[in-house]
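The values are calculated or read from the model by the stated rules, or taken from the named source; none is laboratory data. These numbers come from a predicted model, not from an experiment. With ideal geometry, Cβ positions are generated from the backbone for all residues, glycine too; neighbour counts draw on all protein chains shown.
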Amino acid sequence: MPTTLIPTAAQWTQALSGLRFARLVVRLRAVDAGHLREFPGSFLYGMLKSTTYLASCGPGFDTCDGCLLQTVCPYPDLWGANTAGASTEDQARPLVLSLPTDPGRFATGDRMEFGITVFGTALQRVPYLVAGAAFMAGEGLGRDRVRFETESVNVLDAQGASSLLWSADEPGCLAREVPAQRLAELPLDSGGADVTIRIPDGAILRDRGVLVGDAPAPKLLARYIRDRYNRLVQHFGGEAIGPDFDVFAAADGVEIIRSATEAVTHVRWSAKQERVIKIHAIRGTVTYGGAGLADLLPLLRMGEIVHVGKYATLGLGRYLIQ
């Protein structure tokens with residue numbers, strides 16, 4: 001029988017530092033007054049994907065089928081092959097969105113920000129993402145096609161400080177090389193205090209097939225983070241967390257101290273299905289404590305980066321450690 005261990009914080013940090021990532025922030029300004037009624041992750045993802053396609057692909061091909069540029073094309077590295085009739089719902093993606101705060105009604109000149117975290121081998125394709133982001137909102141966002149213009153794309157360092165990558169005031173090449181980070185570079189010490197996570201947009205988690213309607217138990221959250229991390233490194237570079245790391249035993253010493261969660265329903269318009277889809281999730285705050293929390297903190301920090309649960313790429317499953 002394989003030997004298992006309950007990892008320390010240092011062992012978690014080392015095991016989780018194989019995945020490289022960069023955190024981008026896109027700033028938009030409303031050209032028109034309007035109302036974004038739908039779930040923002042859906043239309044931001046769809047428009048960014050479309051404009052990245054235009055920035056990447058040669059003329060004359062509606063799909064990747066038969067294209068002579070397939071072996072060098074950046075598009076599949078970010079979004080998967082655009083193959084006729086293929087379903088992409090369950091494909092791994094090397095990026096996640098961080099949704100804007102309370103998007104809704106906009107007056108002309110109002111600003112909106114959203115984030116893009118890019119992982120692993122897709123980091124070399126960041127210039128294509130920036131090119132897509134620069135022109136993604138000109139034709140309008142959402143079903144009402146509210147027009148925006150992209151003002152800038154910034155990148156965050158390990159401490160959360162922002163620096164410019166691209167600006168509409170000085171269009172052209174990126175202002176600097178995109179710096180990649182690893183978990184070991186992020187602040188990880190809680191000072192021995194309890195840790196509160198805030199889920200601002202909602203998370204969709206299941207326990208034995210049943211939708212979780214309250215604060216996620218430590219073992220469940222730890223499993224989701226481990227599985228999400230392993231899936232990303234499998235496809236985009238890095239070393240997986242092996243079976244010798246006993247994630248459930250690691251979470252045994254962590255407990256929920258208090259929680260304030262609520263159900264939330266997002267409305268997503270599916271252009272492919274031509275219908276409205278309702279997304280049911282939970283949001284709110286959860287405070288964890290216990291003797292094992294300090295050792296599990298690096299895993300929780302990685303979950304903050306990669307997101308957890310369904311529709312993680314669209315921005316759900318994001319939480320912020322406070």
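Do you know which of the residues in segment 8-55 that are in a loop (DSSP other than H, G, I, E, B), of a type outside the set (A, V, I, L, M) and touching a helix residue (DSSP H, G or I) at 6+ places or on another chain (Cβ under 8 Å) is farthest from F135 (Cα to Cα)? If you could, list the steps in order and put the result at the bottom.
Restricting attention to segment 8-55, the residues satisfying the condition of being in a loop (DSSP other than H, G, I, E, B) are 8, 17-20, 31-33, 36-39.
Now narrow it down to the ones that are of a type outside the set (A, V, I, L, M): 8, 17-18, 20, 32, 37-39.
Imposing the further condition that a residue be touching a helix residue (DSSP H, G or I) at 6+ places or on another chain (Cβ under 8 Å) reduces the set to 8, 17-18, 20.
Details: T8: 45, S17: 33, G18: 33, R20: 27 Å.
So the residue we want is T8.
Mind listing whichever residues of segment 14-58 are touching a strand residue (DSSP E or B) at 6+ places or on another chain (Cβ under 7 Å), β-branched (V, I, T) and surrounded by 22 or more Cβ atoms within 10 Å (Cβ to Cβ)?
Once the filter is applied, which keeps residues that are touching a strand residue (DSSP E or B) at 6+ places or on another chain (Cβ under 7 Å), β-branched (V, I, T) and surrounded by 22 or more Cβ atoms within 10 Å (Cβ to Cβ), segment 14-58 yields only V26.
For residues that are surrounded by 19 or more Cβ atoms within 10 Å (Cβ to Cβ) and part of a helix (DSSP H, G or I), tally how many sit in segment 234-266.
The qualifying residues number 4.
Across segment 186-218, what is the number of residues that are closer than 17 Å to H266 by Cα and among the small types (G, A, S)?
Looking only at that region, the number is 3.
It is to be established whether one or more residues within segment 92-108 are basic (K, R), part of a loop (DSSP other than H, G, I, E, B) and within 17 Å of L78 (Cβ to Cβ).
Initially, segment 92-108 is screened for residues basic (K, R), giving 93, 105.
Right, trim to part of a loop (DSSP other than H, G, I, E, B) and you get 93.
Okay, now just the ones that are also within 17 Å of L78 (Cβ to Cβ), so 93.
Yes, segment 92-108 contains at least one residue that is basic (K, R), part of a loop (DSSP other than H, G, I, E, B) and within 17 Å of L78 (Cβ to Cβ).
Need pairs with beta-carbon distance below 8 Å; first residue closer than 28 Å to V178 by Cβ and within segment 1-22, second of a type in the set (D, E); sequence gap 6+ or separate chains.
W12/D295; A15/E239; G18/E239
Which residue out of L44, L28, L36 is at pLDDT 80 or above, touching a Ser or Thr at 6+ places or on another chain (Cβ under 8 Å) and assigned by TED's automatic domain parsing to the domain that holds N154? Can you show your working first?
Values: L44 fails: touching a Ser or Thr at 6+ places or on another chain (Cβ under 8 Å); L36 fails: touching a Ser or Thr at 6+ places or on another chain (Cβ under 8 Å).
Just a single option satisfies the conditions, and that option is L28.
May I ask you to verify whether A193 is without any contact (Cβ under 8 Å) to a residue 12 or more places away in the chain and not aromatic (F, W, Y)? Quick ask: steps written out before the conclusion?
On the way: without any contact (Cβ under 8 Å) to a residue 12 or more places away in the chain: yes; not aromatic (F, W, Y): yes.
Spelling it out, A193 is indeed without any contact (Cβ under 8 Å) to a residue 12 or more places away in the chain and not aromatic (F, W, Y).
Quick check on S163: is it closer than 19 Å to E304 by Cα, hydroxyl-bearing (S, T, Y) and either outside the structural domain of R228 (by TED's automatic domain parsing) or part of a loop (DSSP other than H, G, I, E, B) (or both)?
Working: closer than 19 Å to E304 by Cα: no; hydroxyl-bearing (S, T, Y): yes; either outside the structural domain of R228 (by TED's automatic domain parsing) or part of a loop (DSSP other than H, G, I, E, B) (or both): yes.
In short, no.
Here is a yes/no grid of residues against (1) acidic (D, E); (2) modelled with pLDDT of 95 or more; (3) within 16 Å of G317 (Cβ to Cβ):
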{"position": "N230", "(1), (2), (3)": "no, yes, yes"}
{"position": "F236", "(1), (2), (3)": "no, no, no"}
{"position": "E239", "(1), (2), (3)": "yes, no, no"}
{"position": "G242", "(1), (2), (3)": "no, no, no"}
{"position": "F248", "(1), (2), (3)": "no, no, no"}
{"position": "R258", "(1), (2), (3)": "no, yes, no"}
{"position": "W269", "(1), (2), (3)": "no, no, no"}
{"position": "G284", "(1), (2), (3)": "no, yes, yes"}
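Keeping to segment 267-309, report how many residues are of a type in the set (A, V, I, L, M, F, W, C) and either in a helix (DSSP H, G or I) or over 21 Å from the mean Cα position of the chain (by Cα) (or both).
Of the residues in segment 267-309, 12 are of a type in the set (A, V, I, L, M, F, W, C) and either in a helix (DSSP H, G or I) or over 21 Å from the mean Cα position of the chain (by Cα) (or both).
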